[in-house]
Structures are given as C-alpha cells and as structure tokens.
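My questions all concern the structure below.
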Amino acid sequence: MFKRARPGVIFGIVTVYIVAAFAWWTVAHIRSSKQLYDEKKQILELLCYKATVDVRGAIDQEMFNDSNDLKMYFAHNYPDLEIVFGEGASEFDSYLIRPAKASYEQLHKKQRRVILMYALEGFVMMGLLFWGIIWIYRNLQNKLKLERQQSNFMLSITHELKTPLASIKLYLETLQKRALDKEQAATIVTNSLTDVSRLRDLVDNILLAAQLDTSKYELQRFETNISELVEMVTHKYITPRNIQHRVNIEVEKDVFLTTDEAAIEMILTNLLSNAVKYSPADGKIDIQLRTDNSHVFLCVSDEGQGISAQDKELIFSKFYRSGDEQTRKSKGTGLGLFIVKNLLNLLGAEIKVKDKQTKGTTFELTFKKDA
Ligand code: ADP
C-alpha cells in the first residue's frame, strides 16, 4: 500500500512546492515593483533639493532677467519637476520647486502597468500550471489503474489457464491408468472437451482484444439472418456446457441484418457466459430478439447479483472486474465486455446495461436496420 501511495505523496509534495514557489514569485515581483515606485518617488524628492540649491545659486549669480528666463532654464534642466512662483516682493524670492504632477502620474501609471503585467502573467502561468498538474495527475492515476488492472489480469489469466489444464491432465491420467467402461470414458472425454473449448474461448478473447486494441480487426459484413444466428449461438453455447439455468429464447423470426456473423457470435457468447457466471444456477436467462420500424434489439437478461451504478460505468473498460481479485470467486479476465463494446462500436450498434425489474441485469443491444 505504501508503495502505491508513494507516487501520489511525492506528486503532492512537488505540486505544493511548485504552487507555493510560484505564488511567492508573483507576490515578490509585485512587491519589488511597489518598492521601485517608492524609490523613484524618493529620487524625485531628492531631485527637488538639488534643483532648489541649483536655482538658488543661479539666482545669486544673477543669471536670469525675469521669471520666464528662470522657467526656461528650469524646464530644460529639470523636466520632471515644476517651479511655482508665489506672490513675494520679488519673483525670485517666493517660489516652490516640487515634482511635476505629470511625473507622479506617469510613475503611478507605470507602476500600475507593471503590477497588472505581473498579476496577469501570474494568473496565466498559474492556470497553465494547474492544467499541467491536473494532466499529470490524471496520467499518473491512469498509469496506476492500468498497473493494478494488469496485475489483476495476470492473476486471473494464470488461474484461468491453470484450472482447465489441471483438469484435462487429470482426465487423461484417469483414462491412462484406469480401465473405464464406455460411458465413464465418454463422460471424461466430454468434460475434457468442455475444458478445451474453455481454453480456446479464453485464447480467442485475448487475441481478439489485442486486435481490437490495435484496430486490426476487420469486419466481414454479409446479409445475415440474425434470428437464426442468435438461436444457433445460444444452443451452441448452452448445450455442451451442462448449464443448469433455465434458458428462455424469444426470437422474432427472419430478422435480417447486414453484419459480421463472427462478431455477433463473439458478442452473444460473452454476454451468455456472463449471464451464466454472474447468476445462480437455478436462475432464468432470457434471450430476446425484437424489432421496431428502424431498429433491431437483442437483449440478454439474467437473475443474478446485478451491477452497481458505479460499476456500470466501468465494466466496459479493458481488464475491469468488479471486486478484489484475491477474494473473487468467479472466473474471468475482464476482457469480455471490453470486446463486446468495441465490436459493437465497429458495427455502429449500441449497448445499454439495465437493472432487471425483479433482480438481475439486462444487456440491451440496439442495431440500426438496413436501409
Ligand atoms: P469477466 O467476466 O471476465 O470478469 P467482463 O468484461 O465480461 O469480464 O465483465 C466485467 C465485469 O462486469 C465482471 O467482472 C462482472 O463484475 C461484471 N458483469 C458482467 N456481466 C455481468 C452480469 N450479467 N451480472 C453481473 N455482473 C456482471
């Protein structure tokens, strides 16, 4: 658990550090620009002293004939300051030197512009930073999820392969060591064949999932009597497996679709296999095929444990299996519904998972009728 939490903790620490450092950087820049403004104001005030001393010296040396001379001299040497004459005895006796209003306004404007620039820059950068952090976080979560699912898959696949192989070995050893009558031998052969077909289904599912994952599966569409196909696949799946469920098939006759037979067979087989796996042996499984004006509906229902609202969103993801791999009793790889969903996408059909009214689950597939 610690191992799993570690990337999250490290990510959290780094994120907090980056955000704090960035906020600090923005505040520090805004502060320093305020400081700069104060310093520039002080420089202007100091300049006033210098100008006062300078003007006084010039007046003493009688450099000006009148106040206009002084004003011109002043404007030329101190453009950031202004000189205001009072009503003294002599115009050179009563004057005031101060920073020009325009200089203050300019300074203030400049400071506001700089603060706005830092604030905007900070805002945009913070937005980008958050976007990046969320993006990395999501990727990290996905990676962890994938790792968990892959390890779940490895555990389940090992189990799925080992169990039928062990029982086939046992059946063959029994045939080899014991003299069995014809009936016993036939039962053992049938059971072995069931295990072999389980293994074949498993390998088919894995290969198909890989093809779908890499978009290598190519549909072979032909006009198909879907009614016959559904009945054939249901019997093919149910009969050899000694399934004890009550199976009820309600199929509208002679419904035709231009579709990929192998894909439909795979889809229905996976849905039937789930209905059998996730519902009690004495439960009923309903297979229904019906149409309306523009659609063909194929439904597979069971009277099982049902699927929680949260799981309904997740069951079509690759390797997803509800519950914990260590404690789960049902067999599986989490590939079945991933395959179903992807094949239906290719066929342009939809799938809905519904709660059955009494108890259990209904998978409803909707195909568009041929134009
Ligand atoms: P697998 O059956 O190999 O686990 P699937 O992709 O076929 O993988 O199914 C994913 C999960 O969806 C299953 O682990 C199970 O929890 C849930 N699920 C699928 N079909 C049913 C069903 N008919 N009733 C209840 N749960 C189901």
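The values are calculated or read from the model by the stated rules, or taken from the named source; none is laboratory data. Quick caveat: nothing in here was measured; it's all calculated off a predicted structure. Cβ atoms come from the backbone with ideal geometry, glycine included; neighbour counts cover every protein chain shown. These accessible areas exclude ligands, DNA and RNA; they are computed on the full protein's heavy atoms, side chains included. Shrake-Rupley method; radii C 1.70, N 1.55, O 1.52, S 1.80 Å.
Between VAL16 and GLN305, what FRET efficiency comes out of the Förster formula 1/(1 + (r/R0)^6) with R0 = 45 Å and r the beta carbon distance, rounded to 0.05?
0.60
Share of the range 10-62's accessible area from carbon and sulfur, percent, 1.4 Å?
After summing per-atom areas, the C and S share lands at 66 percent.
Let me ask something else. Tell me the angle of helix 101-177 to the major Cα principal axis of the chain, expressed in degrees between 0 and 90 and rounded to the nearest ten.
So the inclination is approximately 20 degrees.
Still on this structure, I have one more. State, in angstrom, two size descriptors of the chain derived from its alpha carbons: Rg to one decimal place and Dmax to the nearest whole number.
Computed over the Cα atoms of the chain, radius of gyration and Dmax are 41.6, 143 Å.
Next question. Enumerate the lysines that LYS50 could reach by cross-link, defined here as Cα to Cα under 24 Å, with residues fewer than 8 away along the same chain left out.
Partners found: LYS40, LYS41, LYS71, LYS101.
Please identify every one of the GluC sites (Glu not before Pro) in the range 76-129 that sits in a loop by DSSP and has no more than 14 other beta carbons within 10 Å of its own beta carbon.
GLU87
How large is the charge dipole for the range 158-204, taken about the Cα centre, if only the Cβ atoms of Lys, Arg (+1) and Asp, Glu (-1) carry charge, to the nearest 20 debye?
180
Tell me, what is the Rg over Rh of the range 125-226, with Rh the Kirkwood radius over Cα pairs?
Rg/Rh for the range 125-226 comes to 1.28.
In the range 95-211, what percent of the accessible surface is made up of carbon and sulfur (1.4 Å probe, ligands and nucleic acids excluded)? Intermediate results must be reported in sequence, preceding the final value.
Values: 5550 of 8450 Å².
Carbon and sulfur atoms account for 66 percent of the accessible area of the range 95-211.
Summarise the accessible area of the range 238-309 (1.4 Å probe, protein heavy atoms) by the percent that is carbon and sulfur. Working shown, then result.
Numbers: 1590 of 3300 Å².
C and S atoms contribute 48 percent here.
Further, regarding this structure: Which lysines, on any chain, are close to LYS341 with Cα under 17 Å apart, when same-chain ones fewer than 8 places away are left out?
Excluding near neighbours in sequence, the set is LYS216, LYS312, LYS318, LYS352, LYS354, LYS368.
Between GLY336, MET117, ILE43, whose Cα lies farthest towards the positive end of the dipole of the chain when Lys and Arg beta carbons carry +1 and Asp and Glu beta carbons carry -1, centred on the Cα centre?
GLY336
Under 11 Å from the Cβ of ALA263, count the other residues' Cβ atoms, weight Lys and Arg +1, Asp and Glu -1, and hand me the total.
Values: positive: ARG221; negative: GLU218, ASP260, GLU261, GLU265.
Net of charged neighbours comes to -3.
What does the highest-first list of 27-37, 128-138 look like by mean Cβ count within 10 Å?
Ranking, from highest mean packing down: 27-37, 128-138.
Could you please state, rounded to a whole Å, how far the C-alpha centre of the range 251-299 is from the C-alpha centre of the range 138-208?
So the two Cα centres are separated by 25 Å.
How far apart, in nm, are the 7 Å Cα→Cβ label points at ILE133 and LEU207?
Distance between label points: 4.9 nm.
What does the charge dipole of the range 189-338 about its Cα centre add up to, to the nearest 20 debye, if the Cβ of each Lys and Arg holds +1 and the Cβ of each Asp and Glu holds -1?
Working: 17 positive and 23 negative charges, 114 e Å.
Its charge dipole is roughly 540 debye.
Kirkwood-based Rg over Rh for the range 105-170 (C-alpha set), two decimals?
1.67
Note down the accessible area of HIS76, probe 1.4 Å, to the nearest 10 Å².
150
I've got another one for you. Using the heavy atoms of the protein chains and a 1.4 angstrom probe, tell me the accessible area per residue for the chain in square angstrom.
Ligands and nucleic acids excluded, the figure is 64 Å² per residue.
With only Lys, Arg, Asp and Glu charged, each at its Cβ (+1 for the first two, -1 for the last two), find how big the charge dipole of the chain is about the Cα centre; round to the nearest 20 debye.
My answer is approximately 1740 debye.
Here's something else I'd like to know. Along the charge dipole of the chain, Cβ charges K/R +1 and D/E -1, which of VAL296, ALA58, LEU107 sits furthest on the positive end?
Final value for the positive-end residue is VAL296.
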